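**Q** Dropping the structure in here first, questions after.
The values are calculated or read from the model by the stated rules, or taken from the named source; none is laboratory data. Model, not experiment: these values are computed from the prediction. Cβ sites come from the backbone with ideal geometry, for glycine too, and all protein chains shown count toward neighbours. Side chains are part of the model used for accessible areas, which takes the heavy atoms of the whole protein and leaves out ligands, DNA and RNA. Shrake-Rupley method; radii C 1.70, N 1.55, O 1.52, S 1.80 Å.
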Amino acid sequence: MTVPPEFSSRAADLAAPRTFRWLADGIGYGGDYNPEQWPEDVWAEDLRLMAEAGVSVVSVGIFAWSLIEVDQDSFEFGWLDRVLDGLAGAGIGAALATPTAGPPPWLLRRHPEILTVDANGRRNGPGARLGWCPSSVIFRERAGKIVEALAHRYGDHPALRLWHVSNEIGNENGRCYCDACAAAFGHWLEQRYGNIDALNQAWGTAFWGHHYLQFADVPPPRAISGNHNPALVLDYHRFSSDVLLDHFRFERGLLRRLTPDVPITTNFMVKPTLAPVDYAAWADEVDLVANDHYTTADDPHRHWSLALSADQARGVSRGRPWLLMEHSTSAVNWQPRNRAKAPGELIRDSLTHVARGADGAMFFQWRQSTAGAEQYHSAMLPHAGTDTKVWREVVRLGDHLRSLGELRGSTVEPAGIAMIMDYASQWALKSWGKPTVELDPLDLPSVLHRACTRRHRVVDVLRPDASLDGYRLIILPMLHLAYDGLAERLTAAVESGAEVLITYFSGVADQTGRVITGGYPGAYRDLLGIRGEEFFPLLEGETHVLDNGWTAGSWTELLQPTTATGVAHYTDGPLSGTAAYTRRELGAGAANYLAARPTDDDLQALVDDLLARADVPVVARADDGLQLVRRRQGEQGYLFGINHDDAPRTLTATGTDLLTGQAHTGTVNVPAGGVVVIRESA
Ligand SMILES: [Zn+2]
């Protein structure tokens with residue numbers, strides 16, 4: 001079997017998709033490599049141990065600006081030359097960073113105006129990372145100099161596989177409220193709305209007398225006594241994403257011009273939490289999607305959350321293979337309690353990402369730091385050395401990924417279930433002044449994704465503009481805003497046989513956050529056959545029982561079915577007798593509306609019912625507790641079975657486990673905490 005050694009890009013600055021060499025042969029493996037933290041006599045050991053672990057690619061130079069441009073326009077490349085030469089000699093590729101995530105102290109001393117300003121108008125001090133304002137002209141000028149210097153020096157270096165632009169852009173500098181950003185916001189609004197009257201109309205500025213005469217009068221949502229217009233807040237989120245993206249484009253443009261044959265990416269932080277930028281929009285700007293993901297040690301559902309994160313990363317990548325740029329071998333150092341991973345968790349976590357479409361698994365970082373802000377963050381080579389649980393698992397994972405090399409370029413089998421998510425809806429729903437503080441835009445996506453995944457199905461996380469063709473179950477979990485054409489495409493999907501589930505507070509408002517009148521949810525009430533009147537969020541601890549046995553907490557609402565049928569009704573409380581869950585059959589399918597927040601177990605029952613009605617096939621037959629995903633390369637299937645439980649499980653498959661070489665016919669045992677990857681027989 002031949003493995004495609006290349007991948008094709010879709011970055012927005014390319015006239016047509018381009019083909020690049022993948023950053024490794026097979027599945028990439030490695031991590032952030034920061035040799036500048038260590039004396040050079042350690043570097044030879046690094047290369048020896050990387051070979052032992054099977055490392056094929058490392059990210060280099062992410063925070064090395066002050067060690068490369070040691071003072072303004074004074075460059076010292078020697079150490080980085082030796083690092084890259086060493087990697088090339090060892091056959092290890094480099095994802096070479098532009099070091100703009102760490103502006104050097106000499107730059108911040110000369111130009112403290114580069115630093116971001118918080119919502120209270122206070123300029124943040126130097127000392128962390130990503131402290132720069134994306135509207136700063138000085139910062140951009142200096143960033144351009146270091147980017148060009150690196151591209152000139154290393155553009156033809158044999159180790160260079162990929163440009164890694166900056167690092168987690170938006171993580172610390174996601175929102176800046178300085179005067180330069182205020183001016184840039186005004187220009188951004190002018191481009192979006194054309195004239196100030198259009199903005200006044202869209203935002204409803206007549207409320208509280210906020211009518212503007214010019215774009216320059218519109219303030220960023222700085223700290224005030226009271227609350228801003230939510231439309232302004234939503235557009236500031238969009239502006240902030242765009243202005244940061246503009247910086248990425250600036251660096252990308254320099255790199256593309258100087259090194260047109262080297263792919264370019266930047267590492268995202270796609271996961272089921274509020275994001276600083278619109279990663280779906282950003283994904284179209286990179287040659288390949290790269291993502292960072294860290295599990296939360298005290299989250300008992302962390303392996304399900306990880307699965308959702310990986311499905312989200314595949315979603316923004318529009319189904320194409322992506323790269324896991326960072327995760328942790330064990331503990332992190334920024335949560336309240338940084339528990340080390342259990343034995344085997346490192347391998348399960350890595351292979352969960354690979355199962356869900358990653359063609360590389362990398363860690364922060366190679367060698368655990370002894371000093372600096374992340375000295376207790378785990379690494380591939382821990383403080384305690386190689387006679388350790390972490391190192392043994394790192395070596396074992398390297399063996400596993402080598403065994404999976406033929407999966408490079410394969411894609412996750414279409415899932416049958418679509419869940420539509422969008423960043424703007426999450427920002428809009430989270431702004432102040434909604435019916436209850438308990439509205440969490442990631443709550444229902446997480447619970448419903450888990451309910452599908454634990455039933456041995458895979459969920460494709462889609463953007464609102466994605467094709468819905470072929471999906472049997474389509475879920476809109478608190479997708480607050482309405483999207484052009486989505487109601488029509490959902491209606492067509494239902495008519496041709498799909499089950500659609502729309503949950504409360506979806507489609508209530510347009511893209512500016514303005515409520516659509518005539519009954520909730522304005523965007524979908526015709527499809528759903530309901531007309532919502534009022535929201536009845538519940539008080540803390542309040543619950544109401546439904547006549548199908550479910551228990552509603554946190555959210556209920558008053559609605560009238562028009563063409564829909566009530567499936568479940570309240571049996572007590574102010575809404576007693578009215579519908580909490582409705583169903584409208586239309587054509588060959590049905591549109592279902594969930595107007596309450598039942599328990600997680602109730603939501604599992606709801607999902608089970610819809611999976612049966614929609615006849616969504618399982619990935620394979622298996623015991624409860626296994627996560628199953630199939631990747632495909634043409635006709636060849638690769639079945640992943642991942643067991644996060646502490647008891648052995650079985651699945652049904654015929655083929656060879658690529659991790660052990662063992663042949664299976666029929667029942668496959670997946671040991672407690674273990675993983676199998678079956679190359680399936682025809
Ligand atoms: Zn700023």
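**Q** Which residues, counting only those in region 483-497, are touching a residue at least 24 places away in the same chain (Cβ under 8 Å) and either of a type outside the set (Gly, Ala, Ser) or in a loop (DSSP other than H, G, I, E, B) (or both)?
**A** Residues satisfying the conditions are Tyr483, Leu486, Leu490, Thr491, Val494, Glu495, Ser496, Gly497.
**Q** Would you check which residues across region 132-144 are part of a loop (DSSP other than H, G, I, E, B) and over 26 Å from the mean Cα position of the chain (by Cα) and list them? Full working, then the answer.
**A** Taking region 132-144 and keeping what is part of a loop (DSSP other than H, G, I, E, B), we get 133-136.
Ser136, the sole residue that qualifies.
Per-residue answers, yes or no, for (1) within 23 Å of Leu481 (Cβ to Cβ); (2) assigned to a strand (DSSP E or B); (3) out of contact with any Gly (no Cβ under 7 Å at 6 or more places or on another chain):
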| residue | (1), (2), (3) |
| --- | --- |
| Pro221 | yes, no, yes |
| Ser225 | no, no, yes |
| Val233 | yes, no, yes |
| His237 | yes, no, yes |
| Pro272 | yes, no, yes |
| Arg318 | yes, no, yes |
| Leu324 | no, yes, no |
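**Q** Within the bounds of region 271-291, is there any residue that is out of contact with any strand residue (DSSP E or B) (no Cβ under 7 Å at 6 or more places or on another chain), open to solvent by 10 Å² or more (accessible area, probe 1.4 Å) and closer than 23 Å to Gly30 by Cα?
**A** For region 271-291, residues out of contact with any strand residue (DSSP E or B) (no Cβ under 7 Å at 6 or more places or on another chain), open to solvent by 10 Å² or more (accessible area, probe 1.4 Å) and closer than 23 Å to Gly30 by Cα: present.
**Q** Identify the residue in region 132-145 that is in contact (Cβ under 8 Å) with a residue 40 or more places away in the chain and within 15 Å of the ligand (Cβ to nearest atom) and, among all such residues, is surrounded by the fewest Cβ atoms within 10 Å (Cβ to Cβ).
**A** Val137
**Q** Further question: Would you pick out the residues in region 391-401 that are open to solvent by 20 Å² or more (accessible area, probe 1.4 Å) and more than 26 Å from the chain's Cα centre (by Cα)? Break it down into steps so the answer makes sense when it comes.
**A** Just the residues of region 391-401 that are open to solvent by 20 Å² or more (accessible area, probe 1.4 Å), to begin with: 392, 395-396, 399-400.
Passing the criteria: Arg392, Val395, Arg396, Asp399.
**Q** Being over 19 Å from Phe250 (Cα atoms), more than 16 Å from the ligand (Cβ to nearest atom) and either part of a loop (DSSP other than H, G, I, E, B) or among the β-branched types (Val, Ile, Thr) (or both) is the filter here, so list the residues in region 102-126 that pass it.
**A** The one that is over 19 Å from Phe250 (Cα atoms), more than 16 Å from the ligand (Cβ to nearest atom) and either part of a loop (DSSP other than H, G, I, E, B) or among the β-branched types (Val, Ile, Thr) (or both): Pro104.
**Q** Return only the number of the condition from (1) closer than 18 Å to Leu346 by Cα; (2) assigned to a loop (DSSP other than H, G, I, E, B) that Gln627 does not satisfy.
**A** That leaves (2) as the condition not met.
**Q** To continue, here is another question. Going by what's in this entry, would Leu481 be described as open to solvent by 50 Å² or more (accessible area, probe 1.4 Å) and within 34 Å of the chain's Cα centre (by Cα)? Walk me through it before giving the result.
**A** Details: open to solvent by 50 Å² or more (accessible area, probe 1.4 Å): no; within 34 Å of the chain's Cα centre (by Cα): yes.
So Leu481 fails the test.
**Q** Identify, by number, the condition in (1) among the basic types (Lys, Arg); (2) assigned to a helix (DSSP H, G or I); (3) more than 13 Å from the ligand (Cβ to nearest atom); (4) open to solvent by 20 Å² or more (accessible area, probe 1.4 Å) that Arg129 doesn't meet.
**A** With (1) among the basic types (Lys, Arg); (2) assigned to a helix (DSSP H, G or I); (3) more than 13 Å from the ligand (Cβ to nearest atom); (4) open to solvent by 20 Å² or more (accessible area, probe 1.4 Å) applied to Arg129, the lone miss is (2).
**Q** Out of Thr660, Thr656, Thr667, which single residue is in contact with a Ser or Thr (Cβ under 6 Å, 6 or more places away or on another chain) and either of a type outside the set (Phe, Trp, Tyr) or free of Cβ contacts under 8 Å to residues at least 40 places away in the same chain (or both)? Explain how you work it out, then say what you get.
**A** On the way: Thr660 fails: in contact with a Ser or Thr (Cβ under 6 Å, 6 or more places away or on another chain); Thr656 fails: in contact with a Ser or Thr (Cβ under 6 Å, 6 or more places away or on another chain).
Answer to the selection: Thr667.
**Q** So, one more: What are the residue pairs meeting all of these: first residue in region 102-126, first residue under 17 Å from Phe63 (Cβ atoms) and open to solvent by 30 Å² or more (accessible area, probe 1.4 Å), second residue aliphatic (A, V, I, L, M) and within 13 Å of the ligand (Cβ to nearest atom), Cβ atoms under 8 Å, and 6 or more apart or on different chains?
**A** Pro126/Leu115
Residue by residue, here is whether (1) surrounded by fewer than 24 Cβ atoms within 10 Å (Cβ to Cβ); (2) under 27 Å from Ala310 (Cα atoms) holds:
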{"site": "Thr436", "(1), (2)": "yes, no"}
{"site": "Gly470", "(1), (2)": "yes, yes"}
{"site": "Ile475", "(1), (2)": "no, yes"}
{"site": "Val515", "(1), (2)": "yes, no"}
{"site": "Ile530", "(1), (2)": "no, no"}
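**Q** Residues of region 50-100 being over 16 Å from Tyr154 (Cβ atoms) and open to solvent by less than 10 Å² (accessible area, probe 1.4 Å), which ones?
**A** At the first step, the residues of region 50-100 found to be over 16 Å from Tyr154 (Cβ atoms) are 50-56, 63, 66, 70-74, 90-91.
The answer is Met50, Ala53.
**Q** Residue under question is Gly170, and the condition is that it be more than 16 Å from the ligand (Cβ to nearest atom), in contact with a helix residue (DSSP H, G or I) (Cβ under 8 Å, 6 or more places away or on another chain), more than 15 Å from Ala64 (Cβ to Cβ) and in contact (Cβ under 8 Å) with a residue 60 or more places away in the chain; does it hold?
**A** Numbers: more than 16 Å from the ligand (Cβ to nearest atom): no; in contact with a helix residue (DSSP H, G or I) (Cβ under 8 Å, 6 or more places away or on another chain): yes; more than 15 Å from Ala64 (Cβ to Cβ): yes; in contact (Cβ under 8 Å) with a residue 60 or more places away in the chain: yes.
No, not satisfied.
**Q** Let me ask something else. Please work out if Gly31 is in the same structural domain as Tyr294 (by TED's automatic domain parsing), closer than 19 Å to Leu160 by Cβ and not aliphatic (A, V, I, L, M). Give the derivation first.
**A** Details: in the same structural domain as Tyr294 (by TED's automatic domain parsing): yes; closer than 19 Å to Leu160 by Cβ: yes; not aliphatic (A, V, I, L, M): yes.
So Gly31 passes the test.
A quick yes/no check of all residues on (1) under 22 Å from Ala12 (Cβ atoms); (2) within 16 Å of the ligand (Cβ to nearest atom); (3) acidic (Asp, Glu):
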position: Asp217; (1), (2), (3): no, no, yes
position: Gly226; (1), (2), (3): no, no, no
position: Leu232; (1), (2), (3): no, no, no
position: Phe239; (1), (2), (3): yes, yes, no
position: His247; (1), (2), (3): yes, yes, no
position: Phe268; (1), (2), (3): yes, no, no
position: Lys271; (1), (2), (3): no, no, no
position: Pro276; (1), (2), (3): yes, yes, no
position: Tyr279; (1), (2), (3): yes, no, no
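**Q** Okay, moving on. Any residue in region 182-189 that is out of contact with any strand residue (DSSP E or B) (no Cβ under 9 Å at 6 or more places or on another chain), within 19 Å of Thr100 (Cβ to Cβ) and within 15 Å of the ligand (Cβ to nearest atom)?
**A** Filtering region 182-189 down to residues out of contact with any strand residue (DSSP E or B) (no Cβ under 9 Å at 6 or more places or on another chain) leaves 182-189.
From the residues that got through so far, the ones that are within 19 Å of Thr100 (Cβ to Cβ) too are 184.
Next, only the ones that are within 15 Å of the ligand (Cβ to nearest atom) stay: 184.
Among the residues of region 182-189, at least one is out of contact with any strand residue (DSSP E or B) (no Cβ under 9 Å at 6 or more places or on another chain), within 19 Å of Thr100 (Cβ to Cβ) and within 15 Å of the ligand (Cβ to nearest atom), which makes the answer yes.
**Q** At least 2 residues that are in the same structural domain as Gln37 (by TED's automatic domain parsing) in each: list the helices (runs of 4 or more DSSP H) lying fully within region 353-467 that qualify.
**A** On the way: elements: 389-403, 423-430, 443-453.
Those helices (runs of 4 or more DSSP H) span 389-403.
**Q** With the checklist (1) outside any strand (DSSP E or B); (2) assigned by TED's automatic domain parsing to the domain that holds Val676 in hand, flag the one item Leu610 doesn't pass.
**A** (2)
**Q** Please work out which one of (1) more than 23 Å from Glu393 (Cβ to Cβ); (2) touching a strand residue (DSSP E or B) at 6+ places or on another chain (Cβ under 6 Å); (3) at pLDDT 95 or above; (4) not acidic (Asp, Glu) is the condition Ser136 fails and give its number.
**A** (2)
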